[in-house]
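One structure is given here, and the rest of the page talks about it.
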Amino acid sequence: MATAIPLFASFKYADSLTVVGISLCTALVCEAISWILIYRTSSYKSLKSSIDKASKKLETMKTDNPSSKLTNKKSKTKKIDRVESSLKESSRDLSLFKFKSGAVVALVLFVVFGLLNSLFEGKVVAKLPFHPITIVRKMSHRGLKGDDSTDCSMAFLYLLCSISIRTNLQKFLGFSPPRGAAGAGGLFPMPDPKTN
Amino acid sequence: MKESKSAKLNQLQQQENHQNAHLSPSKLAKLFDPDASWDKDQLGDVLHWIRQVVGLISGLLWGSIPLVGGIWIILFLAISSGIVYGYYAMILKVDEEDFGGHAALLQEGLFASLTLFLLAWILVYSLAHF
């Protein structure tokens with residue numbers, strides 16, 4: 001441990017490792033909070049289960065060979081509509097449920113970002129191996145002096161860490177949202193084109 | 001009575017261990033078996049992790065050489081998508097219509113792999129060459 005600190009200090013951009021380390025710890029803490037407030041609850045488990053069942057049922061119904069009789073087609077369409085609206089409802093409930101508990105996670109992320117900002121404001125934490133486009137540069141060069149667009153600020157590195165680490169951690173732990181929910185509108189569903 | 005119960009329990013446990021020992025090789029075999037049946041979620045997860053591994057290796061490689069320039073991001077996306085397409089179309093030979101089409105399969109894990117690639121590339125480049 002004593003030999004590791006001088007080793008890291010010799011790197012010009014050793015601060016990048018600090019940012020990554022803090023991001024990793026934050027991701028673990030956020031997932032732990034999410035597990036306590038969301039994933040271990042019976043409401044979440046039952047909503048997830050009903051979404052999975054409904055989306056699988058919908059897939060089966062849509063891929064079954066269509067019947068030649070008109071009456072059977074109509075009743076099949078009605079059944080599909082019923083399953084779709086139940087799926088949309090469950091997805092909406094799931095999103096709302098996660099939204100309420102997600103406020104705590106958002107607070108943690110906000111506090112950590114504030115802490116990192118105070119630690120690394122104005123500091124170049126890494127070097128980009130490319131010149132970013134204008135939109136990306138606004139974040140990657142945030143708070144930095146000079147015109148060198150390859151200088152990387154904490155904000156951009158933290159954003160990359162957050163997205164990559166949290167997404168993969170959620171996937172690894174099995175906390176990713178069910179695929180059926182993603183296609184069913186979520187909290188703000190679009191109007192059903194069939195009824196308009 | 002107690003002895004027969006514990007013997008039964010031991011037997012069940014042995015059967016489970018036997019099954020578990022066979023799970024890993026059969027799962028690995030399934031990854032390269034064109035005749036295996038795939039669930040949408042299972043295939044999506046496999047494609048996601050393939051993208052993440054490709055992203056990580058590419059980032060480490062691009063950063064070590066180092067490869068510099070925005071063109072290498074485009075090349076990474078092309079290589080990564082090519083590997084994923086080659087895997088599900090040529091090795092697994094799945095019908096993409098059963099899984100929502102090419103777009104649905106190709107977008108699995110795309111954004112996360114891009115951010116992981118950028119993170120690895122930037123870190124290795126910054127730490128190894130300055």
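Laid out as a table, the results:
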read-out: Of all residues in segment B:32-65 being of a type in the set (A, V, I, L, M) and not in a helix (DSSP H, G or I), the one that is farthest from the other protein chains (Cβ to nearest Cβ); value: B:Ala36
read-out: Counted residues, segment B:83-115 - those being surrounded by fewer than 12 Cβ atoms within 10 Å (Cβ to Cβ) and more than 10 Å from every other protein chain (Cβ to nearest Cβ); value: 6
read-out: Close pairs from segment A:117-144: first away from chain B (no Cβ under 13 Å) and in contact (Cβ under 8 Å) with a residue 12 or more places away in the chain, partner of a type in the set (Lys, Arg) and not in a helix (DSSP H, G or I), Cβ under 7 Å, at least 6 apart; value: A:Gly122/A:Lys145
read-out: Sole residue being out of contact with any Cys (no Cβ under 6 Å at 6 or more places or on another chain) and surrounded by 13 or more Cβ atoms within 10 Å (Cβ to Cβ), chosen from A:Ser140, A:Ser75, A:Ser95; value: A:Ser95
read-out: Condition met for B:Leu118 (modelled with pLDDT of 95 or more and assigned to a loop (DSSP other than H, G, I, E, B)); value: no
read-out: Exclusive hit being at pLDDT below 90 and surrounded by 12 or more Cβ atoms within 10 Å (Cβ to Cβ), set A:Val112, A:Val105, A:Val29; value: A:Val105
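To keep it simple, each residue is scored yes or no on (1) in contact with a strand residue (DSSP E or B) (Cβ under 6 Å, 6 or more places away or on another chain); (2) more than 30 Å from B:Ala120 (Cβ to Cβ); (3) outside any loop (DSSP other than H, G, I, E, B).
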{"site": "A:Ser85", "(1), (2), (3)": "no, yes, yes"}
{"site": "A:Ser101", "(1), (2), (3)": "no, yes, yes"}
{"site": "A:Val112", "(1), (2), (3)": "no, no, yes"}
{"site": "A:Leu116", "(1), (2), (3)": "no, no, yes"}
{"site": "A:Gly122", "(1), (2), (3)": "no, no, no"}
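The values are calculated or read from the model by the stated rules, or taken from the named source; none is laboratory data. Remember, predicted model here, so these are calculated numbers, not experimental data. So basically every Cβ, Gly included, is an ideal-geometry build from the backbone, and we count neighbours across all protein chains shown.
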